[in-house]
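Please treat every number below as a calculation from the coordinates, not as lab data. These numbers were taken from a predicted model, which means no experiment stands behind them. FYI the Cβ positions are ideal-geometry reconstructions off the backbone, even for glycines, and counts take in every protein chain you see.
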């Protein structure tokens, strides 16, 4: 897979939350965006590769996923995801690292260009995604809902679109995806992976939450943890 940093990297090492990052159904859906499905033998080989990587690397992947669930919350890295609906700001650990700058953005959709400085004063949810990724697609209803519910309270969602395949670089395809999924929050195009590398990212999807002072407080790889993420958003909004 053409990830410059980790060839096993879509959605948490072949996405522990999903059995495959590219299903036959997804391939059919993506033809609407100009994607030409690969021939059957090649697709079968890729499915075997995914399966092999999943079996060989499952132990390491689980460990990495648990570690990446570091919410910078009480309980520490690798703790079981929280489901308590009443997470308070006092329960969040002291601020983590400052948000890295949004680098090398070729174009902004749904917004004028933004910087970390211009986002100060907002709670920021930044997600790395690409529209052809089934795991990313499954997270979008939650993000759209949070944008609708919390934007007026100071939540700013940034959907950093970092493509894996060539057809995902086409801005017209991306625009169609934004319309299809009702995405109206800002979407910067990170075609050269510069922001991806600034965040030391390796996965699609991967979201980060930063507080109003611009410090990272939470991150989550893959699908799921929607309740925990939303309660963390509420706690950071205050």
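Please order 116, 123 by the number of other Cβ within 10 Å, starting at the fewest. Please list the in-between numbers first.
On the way: 116 14, 123 23.
So the residues, fewest neighbours to most, are 116, 123.
Sorting 120, 138 on the 10 Å Cβ count, fewest up front, what's the list?
Values: 120 13, 138 17.
Listing 120, 138 from fewest to most nearby Cβ atoms yields 120, 138.
Take peptides 167-176, 214-223 and line them up by average Cβ neighbours within 10 Å, highest first, as a rough protection proxy. If you can, show how the numbers build up before the last one.
Values: 167-176: 16.0, 214-223: 21.7.
Peptide ranking by packing, descending: 214-223, 167-176.
Provide 196, 146, 108, 204 in ascending order of the number of other Cβ atoms located within 10 Å of each residue's Cβ, fewest first. Each step should come with its number before you reach the end.
Details: 196 22, 146 19, 108 15, 204 29.
Listing 196, 146, 108, 204 from fewest to most nearby Cβ atoms yields 108, 146, 196, 204.
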